[in-house]
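For reference, the structure is listed below as structure tokens.
The values are calculated or read from the model by the stated rules, or taken from the named source; none is laboratory data. Predicted, not measured: the structure shown is a model, and the values here were computed from it. Here the Cβ positions follow ideal geometry from the backbone for every residue, glycine too, while neighbour counts run over all protein chains shown. These area figures cover heavy atoms from the full protein model, side chains too; ligands, DNA and RNA do not enter into them. Shrake-Rupley method; radii C 1.70, N 1.55, O 1.52, S 1.80 Å.
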Amino acid sequence: MTITITAFARSPDRGRGLARDMRVRWALEEVGQPYDVRLLSFKAMKEPAHLALHPFGQIPTYEEADLALFESGAIVFHIAERHAGLLPDDANARARAITWMFAALTTMEPTIVDREMARLLERHETWYEQRLRLIEERIRKRLSELSVRLGDTDWLDGDFSAGDLQMVSVLFRLKGSGMLDEYPNLSAYVARGEGRPAYKRAFDAQLAVFAAASTG
Ligand code: GTB
């Protein structure tokens with residue numbers, strides 16, 4: 001059954017792997033599932049055909065036979081449940097890996113997104129510096145807690161799982177901020193994720209889209 005996902009025809013991140021199709025591509029590469037990609041312009045994302053798949057007119061989506069999904073978290077979870085390689089067989093270990101997926105998306109990511117939004121949209125406000133400082137304090141609190149939990153282990157709970165895939169993807173957004181470098185075990189953790197062959201294949205595939213759009 002062919003899997004089709006959607007991605008930006010021209011990603012505003014210029015192929016840095018920050019758009020959320022990257023997480024879906026990475027999950028599919030980890031479990032060895034081939035996939036097609038339908039590339040969308042911003043205009044096409046808001047048209048009825050895409051809105052029927054994604055109520056918020058965003059990417060990524062996932063289609064396979066009569067199943068259509070949106071939300072990268074749900075898509076990665078679905079892939080991990082359907083195919084071996086991203087969730088442990090043991091029921092308790094599986095539940096813990098799923099917990100880490102949620103922790104990445106609901107405890108770690110929102111403040112990191114707040115920081116990006118502030119830098120993008122609030123830079124000229126009088127209170128910008130103060131707000132940025134508060135957001136960064138909240139991020140550091142979470143990073144230090146996560147750093148303590150990770151300790152000197154490779155992954156969050158035993159073998160690499162979908163929990164690590166989501167956590168690395170979320171932490172990756174802080175690259176270039178300097179904050180990740182304050183926690184050497186977290187920087188090493190992200191580098192370990194990026195070093196996985198499946199990650200590299202996914203990254204190269206999304207970068208190729210950007211490169212083709214730039215030359216085409
Ligand atoms: N919660 C949803 C999910 O996880 O799937 C969020 C999906 C989402 O935010 N999609 C974004 C989108 O479609 C692309 S990934 N935006 C277009 C729109 O809303 O009209 C977010 C993203 C976009 C750009 C960068 N960047 O340029 O660095 C990084 C991340």
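So is A118 open to solvent by less than 20 Å² (accessible area, probe 1.4 Å), aliphatic (A, V, I, L, M), in a helix (DSSP H, G or I) and free of Cβ contacts under 8 Å to residues at least 24 places away in the same chain or not? Judged against the criteria, A118 is a match. Considering only residues in the range 36-79 that are among the hydroxyl-bearing types (S, T, Y) and open to solvent by less than 40 Å² (accessible area, probe 1.4 Å), the one that is nearest to the ligand (Cβ to nearest atom) turns out to be S72.
Condition check ((1) touching a helix residue (DSSP H, G or I) at 6+ places or on another chain (Cβ under 8 Å); (2) part of a helix (DSSP H, G or I); (3) at positive phi) across all residues:
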residue: H124; (1), (2), (3): no, no, no
residue: R131; (1), (2), (3): yes, yes, no
residue: V148; (1), (2), (3): no, yes, no
residue: V170; (1), (2), (3): yes, yes, no
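Have a look at L174, L165 and point out the one that is under 23 Å from N92 (Cβ atoms) and open to solvent by less than 20 Å² (accessible area, probe 1.4 Å).
Unique residue meeting the criteria: L165.
Applying the selection to the range 3-16, what residues are more than 9 Å from the ligand (Cβ to nearest atom), out of contact with any Asp or Glu (no Cβ under 6 Å at 6 or more places or on another chain) and open to solvent by 10 Å² or more (accessible area, probe 1.4 Å)? Scanning the range 3-16 gives A9, R10.
Condition check: surrounded by fewer than 16 Cβ atoms within 10 Å (Cβ to Cβ), modelled with pLDDT of 95 or more and in a helix (DSSP H, G or I). Does R138 satisfy that? Yes: the conditions hold for R138. Do you know which residues across the range 1-57 are hydroxyl-bearing (S, T, Y) and part of a loop (DSSP other than H, G, I, E, B)? Listed by number, the residues that qualify are T2, S11, Y35, S41.
Listed here are the residues, each with its yes/no results for (1) in contact with a helix residue (DSSP H, G or I) (Cβ under 6 Å, 6 or more places away or on another chain); (2) closer than 26 Å to L180 by Cβ; (3) not polar (S, T, N, Q).
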position	(1), (2), (3)
P48	no, no, yes
G57	yes, no, yes
E63	no, no, yes
R96	no, yes, yes
E109	yes, yes, yes
K141	no, yes, yes
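Within the range 80-90, the set of residues being of a type outside the set (G, A, S) and open to solvent by 50 Å² or more (accessible area, probe 1.4 Å) comprises E81, R82, D89, D90.
Here is the figure for the range 204-216: residues that are touching a Lys or Arg at 6+ places or on another chain (Cβ under 9 Å) and either open to solvent by less than 50 Å² (accessible area, probe 1.4 Å) or among the aliphatic types (A, V, I, L, M) (or both) total 6. Within the range 58-81, the residues that satisfy the criterion of being in a helix (DSSP H, G or I) and touching a residue at least 24 places away in the same chain (Cβ under 8 Å) are S72, G73, I75, V76, F77, I79, A80.
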